[in-house]
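Below is one structure, written out as structure tokens; comments come after it.
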Amino acid sequence: MVYLLSLETSTTVCSVALHQDRQLLSYAELQMEKSHSSHITVMVQQVLEYAGVRLEQLAAVAVSGGPGSYTGLRIGSGTAKGLCFSLDKPLISVSTLEAMAQQIISVTPAPERYLFCPMIDARRSEVYTCLLSHDLEVQLPVEPLILEASSFAEELEKQPIIFFGSGAAKAKELLASHPNAFYLENVKPTAKAIGELAFAKLRAEQFEDVAYYEPFYLKEVYITKPSGK
């Protein structure tokens with residue numbers, strides 16, 4: 001039996017999942033801003049206790065690798081690295097956007113007909129996004145995109161696109177009239193999807209270097225000193 005613990009902290013939603021051989025055993029989710037650091041270790045303990053699994057039994061720890069909130073990703077990666085260091089277990093990183101897409105692909109009839117566009121809300125008209133096929137092949141790479149009326153125009157002429165995630169509402173305002181654009185609401189990153197995709201990396205032993213791993217922040221964070229006299 002292979003147990004895999006997964007953490008998702010890339011947005012305001014914090015979640016933890018425990019899988020056994022791809023089957024979800026337990027799951028905890030908290031939707032509360034600025035709460036990740038104070039709750040994530042408690043949530044890890046809860047999902048393990050509910051399933052009757054000890055930390056030592058884990059085969060690996062998977063974490064949402066970004067893009068997303070700088071603070072959230074830092075908390076998730078720090079927690080995952082701490083567990084891997086203390087338990088001597090491998091660390092697996094899964095793309096936040098690919099995990100979001102997998103949630104939709106798995107429930108879409110004839111998914112090969114569509115392209116999938118996960119979006120995480122950034123600031124103003126900006127989103128973190130990419131464009132993926134039904135088998136998670138990258139059609140447009142991950143980028144911080146300023147949405148305009150012409151965004152995805154070329155791709156929408158060729159194939160229907162499903163937009164989803166916290167940033168999809170921005171796209172809908174600009175692209176709603178296009179017949180090939182479809183929108184899904186209330187799609188958020190979850191540790192369930194992180195765990196599902198992490199099993200393939202576990203089998204292939206695609207592990208991160210625990211000592212040097214950093215999430216994919218996508219954009220640098222600029223910190224300025226407060227002015228003082």
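The values are calculated or read from the model by the stated rules, or taken from the named source; none is laboratory data. In this text the structure is predicted, and so the values were computed from the model without any measurement. Cβ placement follows ideal geometry from the backbone for every residue including glycine, while neighbour counts extend to all protein chains displayed. Accessible surface is based on the protein model in full, side chains and every heavy atom, while ligands, DNA and RNA are left aside. Shrake-Rupley method; radii C 1.70, N 1.55, O 1.52, S 1.80 Å.
Is it possible to state the helix-based mean residue ellipticity at 222 nm for the chain, with each DSSP H run of 4+ residues giving -39500 (n - 2.57), the sum divided by total residues, to the nearest 500 deg cm²/dmol? What is it? Write down the numbers at each step before the final one.
Numbers: 6 runs with 71 residues, N = 229.
Mean residue ellipticity at 222 nm (helix-derived): -9500 deg cm²/dmol.
Where a ≥ b ≥ c are the square roots of the eigenvalues of the C-alpha gyration tensor, would you call the stretch 1-90 rounded, which needs a/c under 1.5, or, failing that, prolate if a/b is larger than b/c, or oblate? Spell out each step's value before the answer.
Numbers: a/c = 1.83, a/b = 1.47, b/c = 1.25.
Prolate shape, in that a/c is at least 1.5 and a/b is the bigger ratio.
Each residue of the stretch 52-66 in order: what ³J(HN,Hα) in whole Hz does its phi give by Karplus 6.51 cos²θ - 1.76 cosθ + 1.60, θ = phi - 60°, with x for Gly and Pro?
Residue by residue, the stretch 52-66 yields x, 10, 8, 3, 5, 7, 5, 7, 6, 10, 10, 9, 5, x, x Hz.
Dipole size in debye (nearest 20) for the stretch 1-69 around its Cα centre, Lys and Arg Cβ +1, Asp and Glu Cβ -1? Don't jump to the answer; show the numbers that get you there.
Working: 3 positive and 6 negative charges, 10 e Å.
Here the size comes out at about 40 debye.
Could you size up the charge dipole of the stretch 94-227 around its Cα centre, putting +1 on the beta carbon of Lys and Arg and -1 on that of Asp and Glu, and report it in debye to the nearest 20? Before the final figure, lay out the partial values.
Working: 12 positive and 19 negative charges, 88 e Å.
Dipole of the stretch 94-227, to the nearest 20 debye: 420 debye.
Using a cut-off of under 17 Å, list every residue of the stretch 54-70 whose amide N is near the label point 7 Å from the Cα of residue 1 along the Cα-to-beta-carbon line.
Taking a point 7 Å out along Cα→Cβ of residue 1, the residues of the stretch 54-70 whose backbone N falls under 17 Å are 54-60.
With unit charges on the beta carbons (Lys and Arg positive, Asp and Glu negative) and the dipole taken about the Cα centre of the stretch 9-135, which residue among 41, 52, 71 sits farthest to the positive side?
71
Determine the dipole magnitude for the chain: charges of +1 sit on the beta-carbon of Lys and Arg, -1 on that of Asp and Glu, nothing else is charged, the reference point is the Cα centre, and the result goes in debye to the nearest 20.
Numbers: 19 positive and 26 negative charges, 136 e Å.
It works out to roughly 660 debye.
Of all accessible surface on the chain at a 1.4 Å probe, what whole percent is carbon and sulfur?
Values: 6010 of 12090 Å².
Its accessible area is 50 percent carbon and sulfur atoms.
So how much accessible area does residue 21 have, in Å² to the nearest 10, using a 1.4 Å probe?
80
Assuming 0.692 mPa s and 37 °C, estimate D for the stretch 129-229 with Stokes-Einstein, Rh taken as the Kirkwood radius over Cα pairs, in µm²/s.
Working: Rh = 16.9 Å.
Translational diffusion coefficient: 195 µm²/s.
Sorted by mean Cβ packing within 10 Å, highest first, what order do the peptides 188-200, 160-172, 5-17 take? Display every interim value, and only then the final one.
Numbers: 188-200: 23.2, 160-172: 21.4, 5-17: 26.8.
In descending order of packing, they fall as 5-17, 188-200, 160-172.
Suppose each label sits 7 Å from its Cα in the direction of the beta carbon; what would the residue 205-residue 42 distance come out to in nanometres?
Calculated label separation equals 4.0 nm.
Expressed in nm to one decimal, what extension gain is obtained for the pair residue 57 and residue 139 from 0.36 nm per residue of sequence separation less their Cα-Cα distance?
On the way: separation 82, 0.36 × 82 = 29.52 nm, distance 3.80 nm.
Here the segment from residue 57 to residue 139 would lengthen by 25.7 nm.
Classify the chain from the C-alpha gyration tensor, please: rounded if a/c falls under 1.5, else prolate or oblate depending on whether a/b exceeds b/c. Could the numbers behind the result be given before it?
Numbers: a/c = 2.05, a/b = 1.36, b/c = 1.51.
Judged from the Cα gyration tensor, the chain comes out oblate (a/c at least 1.5, b/c at or above a/b).
How much area per residue is accessible in the chain when the probe is 1.4 Å and only protein heavy atoms are counted (Å²)?
I get 53 Å² per residue for this part.
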